[in-house]
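Only one structure is covered here, and it is reproduced in the block below.
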Amino acid sequence: MTAPEQATSRISVDAHNDIPMTAALPVTILRPSRGWVPLNLREMWEYRELLYFLAWRDIKVRYKQTVLGAAWAIIQPFFTMVVFSIFFGELAGIPSGGVPYPIFAYSALVPWMYFANALTQASNSLVGQEHMITKVYFPRLIIPMASVLAGLVDFAISFAVLVGMMLFYGIMPMAAIWTLPLFILLATATALGVGVWLSALNVQYRDVRYVVHFLVQFWLFATPIAYPSSLVPERWRAIYGLNPMAGVVEGFRWALLGQAQAPGPLLVVSVLTVIGVLTSGLYFFRRMEETFADVV
Amino acid sequence: MNDIAVRIEGVGKRYRIGQRESYKTLRDTLTNAVGAPFRRLSSIARRSSADNQRGVARGEYIWALRDISFDLKHGEVLGVIGRNGAGKSTLLKILSRITRPTEGYAEIHGRVGSLLEVGTGFNPELTGRENIYLNGAVLGMKKAEIDRKFDEIVAFAEVEQFIDTPVKRYSSGMYMRLAFAVAAHLEPEILIVDEVLAVGDAEFQKKCLGKMGDVAKGGRTVLFVSHNLLAIENLCEQVIWLKNGEIARQGSPGQVISNYLQSSISPSTERVWSGLATAREKIRLQCVRLRPSDGTASVPITVHTAFALEFEYWNFDPTAYVSVSFCMYNEHDILLFDICPPFDPDWRQKPSPIGLLRSICHIPGDFLNDGLHRVDLIILRNHVPVILEPQALVFHIQDTLEERAGWYGEWPGAIRPMLTWETNLSLSPRPTTGDVV
């Protein structure tokens, strides 16, 4: 191509170009990092579709690869409930605050299973997506977030069974049921808060995989699932709220089964704890984020 | 200022040797933490350098990239070449924001789409349709955009019938085609591409190159890493040659590529295949040599030099008719000619003699253009190739400046023959009075 030809073709291309050259293009500055970085929530918002697609992929793949598919979302909490009912409810005679023990346990197992699975998935998410991290850029927070969100589908399925059980036992929800989404949000925030901490640490220290397993087991017994929180002495109740899942489980029982009084100080402590864990987790994650591709 | 798409100033990236391979375990960190005070004490005692300097002193770090600066304007296509490990991928990773530079500064005006591989995020369990959406989202496309281009992508990938089949049932070719098709429909202002042309069969590669050409000529800013020098030369307006993490040369494609080729292949005028010929090997290549025809042993060979290519080979097969043939390529990998000795009636149906044979091809001066040339040699036994020796000889033909007349650009053309010209005055205007004195 001779020079004049090239020039004319370039001009004609520009005329049809759909990129407005005059419009302000986003400017990205790349420089070595210095310490803490802002969260940049606007960028997260721009990538919301990717968040949706990754969560959608997690769900799809999980169900395609399993024989029983969505049934697993029911089997896990349901059989745990059966075992708890036999050993804790019947044999140990643990009080269940006026409702049948099976529904007492199951109403706590539904948010608990969601939390436990979301936390486990989120913690291993970055390491599992190593391939994407080293090949394409997007806000890395999307990855653990997608894992946590994907768990909501299983949650919805197991929740449907809870509704069925409530009908079976003839338990009518109280007016407090409108607060239920807030407790789901609290469980999500807890899973995400702890999940971002662990997923970022997991990139550096592969020991986290085993820690998570252990942590979830521990946490199960530290949460009033098999027993009511009323077993905990009144003066320790607020400190018990340092375990945010205690607040979530108490909230679920209160909103659905109309048990006891609203979880007051315990819930406040839980919410504050979650805010602390989540905020610190997000900043920690952002700080570690840039080394992921080099280390993972 | 407004037409700058990418500006890079003094960018460098340092890696710790082995960093990518070894994850720390908590135990290591704990033992380090426990041991640190003692080490600190001993290092103070030895008056060694500061803590973070220790690694540098011990040479535990490696600069994958150092002091890279360049500007790329909107609509420009920049090619990056260099050997494996020269820092090409690191540069692309920094510009794609996958990793941060250790030093320096870069600014990017516009959205960046990076294709460091095709099919990032593809999941084998999902169908072709699902993977298009997933991969598109991973590459930064909006759902509406994917909806709009969906049919085009499927048609480009030629997978219409299998679009609802999980991609794990695809052939590798189909998989690659689909992956490239999604990538090819990405439309950011700045496109960063790494070697994606090396996928699929020859026909699809052609299609990919065509698509890349459209993108490059469509006014988009492209940063393109490839080992395909011809593609680089065709598509790029500017080329950067990276060598050991630094810019070795930067400029117009022809110049930089030829410099790169010269450095990567050392030209020679003689090559001998070592080891004595044994009768067990019936035919054996001994030597390829370039000799100026005027008898002077001296090089350089210029565009005017007539020279001979001599091929020496052993024959121990009393029944074989042995002959040679070679292909001459220039530095752009273009085949100039494929030649064998003209048919000789004396040798007809007769086996070649036993011993060391020599075939000489005389190449006239004022015929080949300047630059690197390479000879791919074939030795045939009864017209069947038995020895293939690609790059049997690589040599450089120098330009002379006599007829350049002050112009130093690249002389275009595969060959540069000196042909006979005539210039006559065939009609002269009638002289008018008073004009000519």
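The values are calculated or read from the model by the stated rules, or taken from the named source; none is laboratory data. Keep in mind that what you see is a predicted model, and the values were worked out from it rather than measured. Note that we place each Cβ from the backbone using ideal geometry, even for glycine, and neighbour counts take in every protein chain shown.
Condition first: hydroxyl-bearing (Ser, Thr, Tyr) and in a helix (DSSP H, G or I). Now tell me which residues in region A:170-216 satisfy that. Passing the criteria: A:179, A:188, A:190, A:199, A:210.
Sort through B:108, B:146, B:153, B:132 and tell me the only one that's closer than 27 Å to residue B:223 by Cβ, in a strand (DSSP E or B) and hydrophobic (A, V, I, L, M, F, W, C).
Going through B:108, B:146, B:153, B:132 in turn, the sole match is B:108.
Here residue B:303 clears all of (1) surrounded by fewer than 17 Cβ atoms within 10 Å (Cβ to Cβ); (2) farther than 21 Å from residue B:387 by Cβ; (3) modelled with pLDDT of 85 or more except the condition numbered (1). Residues considered: A:155, A:221. Of these, the only one that is over 18 Å from the mean Cα position of the chain (by Cα) and outside any loop (DSSP other than H, G, I, E, B) is A:221.
Does residue A:152 qualify as being surrounded by 23 or more Cβ atoms within 10 Å (Cβ to Cβ) and either away from chain B (no Cβ under 11 Å) or under 23 Å from residue A:208 (Cβ atoms) (or both)? In short, no. Any residue at all in region A:264-278 that is more than 14 Å from chain B (Cβ to nearest Cβ), under 27 Å from residue A:163 (Cα atoms) and out of contact with any Leu (no Cβ under 9 Å at 6 or more places or on another chain)? Yes; the residues of region A:264-278 include at least one that is more than 14 Å from chain B (Cβ to nearest Cβ), under 27 Å from residue A:163 (Cα atoms) and out of contact with any Leu (no Cβ under 9 Å at 6 or more places or on another chain).
If you take the residues in region B:87-103 that are of a type in the set (Gly, Ala, Ser) and more than 7 Å from chain A (Cβ to nearest Cβ), which one is nearest to residue B:69 (Cα to Cα)? Applying the filter and picking the extreme gives B:87. Of all residues being among the polar types (S, T, N, Q) and within 8 Å of another protein chain (Cβ to nearest Cβ) in region B:104-141, which is surrounded by the fewest Cβ atoms within 10 Å (Cβ to Cβ)? Just the residue, please. Among those residues, the one meeting the criterion is B:123.
The helices (runs of 4 or more DSSP H) falling completely within region A:42-139 that include 2 or more residues that are out of contact with any Gly (no Cβ under 6 Å at 6 or more places or on another chain), under 22 Å from residue A:164 (Cβ atoms) and β-branched (Val, Ile, Thr) map to A:71-84, A:101-128. Here residue B:91 meets the list (1) within 30 Å of residue B:3 (Cα to Cα); (2) surrounded by fewer than 23 Cβ atoms within 10 Å (Cβ to Cβ) almost entirely, failing just condition (2).
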